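Presented below is the structure to which this report refers.
The values are calculated or read from the model by the stated rules, or taken from the named source; none is laboratory data. Here the structure is a predicted model, which is why all the values come from computation and not from measurement. All Cβ positions, even for glycine, are placed from backbone atoms using ideal geometry, and neighbour counts span all protein chains on display. Ligands, DNA and RNA are excluded from the accessible area calculation, which covers all protein heavy atoms including side chains. Shrake-Rupley method; radii C 1.70, N 1.55, O 1.52, S 1.80 Å.
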Number of protein chains: 2
Amino acid sequence: MADSQPMTLAALQSLIATMYSRKDEVRGIDGTFMWFMEEIGELASALRDSDRAAQAAEFADVLAWLATLANVAGVDLDQAVREKYGTGCPGCGQMICRCDESTKP
Amino acid sequence: MADSQPMTLAALQSLIATMYSRKDEVRGIDGTFMWFMEEIGELASALRDSDRAAQAAEFADVLAWLATLANVAGVDLDQAVREKYGTGCPGCGQMICRCDESTKP
């Protein structure tokens, strides 16, 4: 990870698996989700502040815990994103979303 | 996105920015966070079920909304993850986490 290659979603999942898989297996989905939610809360808190470095660190934590959760669930994030968003907005099918303003997203 | 190149975090943020930045700017951080949380809830629900394809789709949504939130906050996810996890676990500094079992992570 010391290199400057752009990080892929697969590399992220692999890095997090190497770092935490031993603990992930013990925690399981429920326990991992609880930690994930704690990080979501910390992100919310950081977004209320103006410290950009702190915000970035919290985004990293949420992303790492999402990768952990995907590892425990056996989901490939690259494939999942590609399938849902790779050919356009899931709502309208366009690369630049044209869904009605009142609807998500 | 029709190619089979591994998706980078930068490409994910760029894809989501292209697709949704017009709406993101209107929603701002608070409004975006609300939608993000809705997706977190849907992921929790999917994880209770055994439908792997539905789980993958919800992971994709959470990741997409996290990318949107990072776009609105002006945070580079690649850089953020690299800085926090690129040289080891933030807790113990090891590539294979050796933090005490009772602590996160």
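Structure values in brief
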{"item": "Matching residues in segment A:60-74 - criterion: being more than 7 Å from chain B (Cβ to nearest Cβ) and touching a residue at least 24 places away in the same chain (Cβ under 8 Å)", "result": "A:W65, A:A67, A:T68, A:L69, A:N71, A:V72"}
{"item": "Residue identified as among the aliphatic types (A, V, I, L, M), modelled with pLDDT of 95 or more, farther than 25 Å from A:R48 by Cβ and buried (at least 21 other Cβ atoms within 10 Å of the Cβ) among B:A60, B:A70", "result": "B:A60"}
{"item": "Hits in segment B:74-105 - residues which are surrounded by fewer than 17 Cβ atoms within 10 Å (Cβ to Cβ) and assigned to a helix (DSSP H, G or I)", "result": "B:Q79, B:E83"}
{"item": "Enumeration of residues in segment B:22-57 that are of a type in the set (S, T, Y), assigned to a helix (DSSP H, G or I) and surrounded by fewer than 16 Cβ atoms within 10 Å (Cβ to Cβ)", "result": "B:S45"}
{"item": "Residues of segment B:59-100 satisfying the condition of being more than 21 Å from A:A73 (Cα to Cα) and among the charged types (D, E, K, R)", "result": "B:D76, B:D78, B:R82, B:E83, B:K84, B:R98, B:D100"}
{"item": "Residue within segment B:12-34 that is within 30 Å of A:G31 (Cα to Cα), within 18 Å of the chain's Cα centre (by Cα) and touching a residue at least 60 places away in the same chain (Cβ under 8 Å) present", "result": "yes"}
{"item": "Filter pass, A:A10 being open to solvent by less than 70 Å² (accessible area, probe 1.4 Å), farther than 20 Å from B:A57 by Cα and facing another protein chain (nearest Cβ under 7 Å)", "result": "no"}
